[in-house]
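The values are calculated or read from the model by the stated rules, or taken from the named source; none is laboratory data. Remember, predicted model here, so these are calculated numbers, not experimental data. FYI the Cβ positions are ideal-geometry reconstructions off the backbone, even for glycines, and counts take in every protein chain you see.
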Amino acid sequence: MPRFHVKPEAVQADRVLFDVEETRHLARVLRLAPGDVVQVVDGQGTEFMVRLESVEARSATGTILARSSSHTESPLAITLAQGVPKGDKMEWVVRTVTELGVARVVPLLTERTIVRLEPGRWRDRVRRWQRVAKEASKQCGRAVIPAVEVPRSIQEFAQAQWSADLALCLWEGAPRGLSEVLENTPARVASAVLVVGPEGGLARREVEALETRGFKIAGLGPRILRTETAGPVAVSLLQARFGNLGGPRL
């Protein structure tokens, strides 16, 4: 069944209003028409069965037939702070960690970040990453689209107040591996923040700054992973330990 994402305010009583982008997809790509039934999610964990009532050029409406809570979201809320890599690698990271269930992605500008853009061009990149997150959420059946924020410096990130149960920083020079850190972490973890550097990793002083803010420094074993690989691997380990990766499909 076709699946669409709408903003929470698009759901009013028993009616749903589709925006221009979703209307274009349902009308021009899928050739749907009034009377067709589709699945709609509101970005906050609720799913709706909706019958289309009108399909115009720039908007469509539908009537809610049924609603239910989604069971696709992880009990572990993960924020991935990813050092921005070159090219389109960030798109791959956003797509993959969306499938793995992260709640938020924070692009980081670090000492070794190669990509340097004007603010306006960063906004364009962020809009693209947000679209990737939305598309990936649809594909994997999530009812919530993870937030993708505007890039910030790692210094600003380190000074922010993080209330997560577990704060981690991946670094190839770490004295302990991530598996050891997780094994020695209490089982009840509801939120985690994970920092991953760009190509070339994080500078020592950046790691030390995070450590002074309470981040645990961990490695991913004897092999050096690419930046676009490290984040999804670590997210997978976190979801398998504290989330729902590997569990039954409900």
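Would you mind stating whether residue 94 is surrounded by 14 or more Cβ atoms within 10 Å (Cβ to Cβ) and outside any loop (DSSP other than H, G, I, E, B)? Answer is yes for this residue. Taking the condition over 26 Å from residue 234 (Cα atoms), in a loop (DSSP other than H, G, I, E, B) and modelled with pLDDT under 95, does residue 117 pass? For residue 117, the condition - over 26 Å from residue 234 (Cα atoms), in a loop (DSSP other than H, G, I, E, B) and modelled with pLDDT under 95 - is met. Residue pairs whose Cβ atoms lie under 8 Å apart, separated by 6 or more positions or on different chains, with the first residue in segment 211-231 and in the same structural domain as residue 169 (by TED's automatic domain parsing) and farther than 26 Å from residue 91 by Cβ and the second polar (S, T, N, Q) and assigned to a helix (DSSP H, G or I), are 213/159.
Of 147, 167, all but one fail to be within 30 Å of residue 5 (Cα to Cα), among the aliphatic types (A, V, I, L, M), surrounded by 12 or more Cβ atoms within 10 Å (Cβ to Cβ) and at pLDDT 90 or above; the exception is 147. Taking residue 101 as the residue in question, decide whether it is over 22 Å from residue 156 (Cα atoms), outside any helix (DSSP H, G or I) and either over 18 Å from the mean Cα position of the chain (by Cα) or modelled with pLDDT under 90 (or both). Taking the combined requirement at face value, the residue does not satisfy it.
Under the condition of being free of Cβ contacts under 8 Å to residues at least 60 places away in the same chain and polar (S, T, N, Q), which residue from segment 101-160 is nearest to residue 88 (Cα to Cα)? Out of the qualifying residues, it is 130. Just to be sure before I move on: is residue 56 under 19 Å from residue 140 (Cβ atoms) and among the acidic types (Asp, Glu) in the structure I sent? No; evaluated as a whole, the condition is false for this residue.
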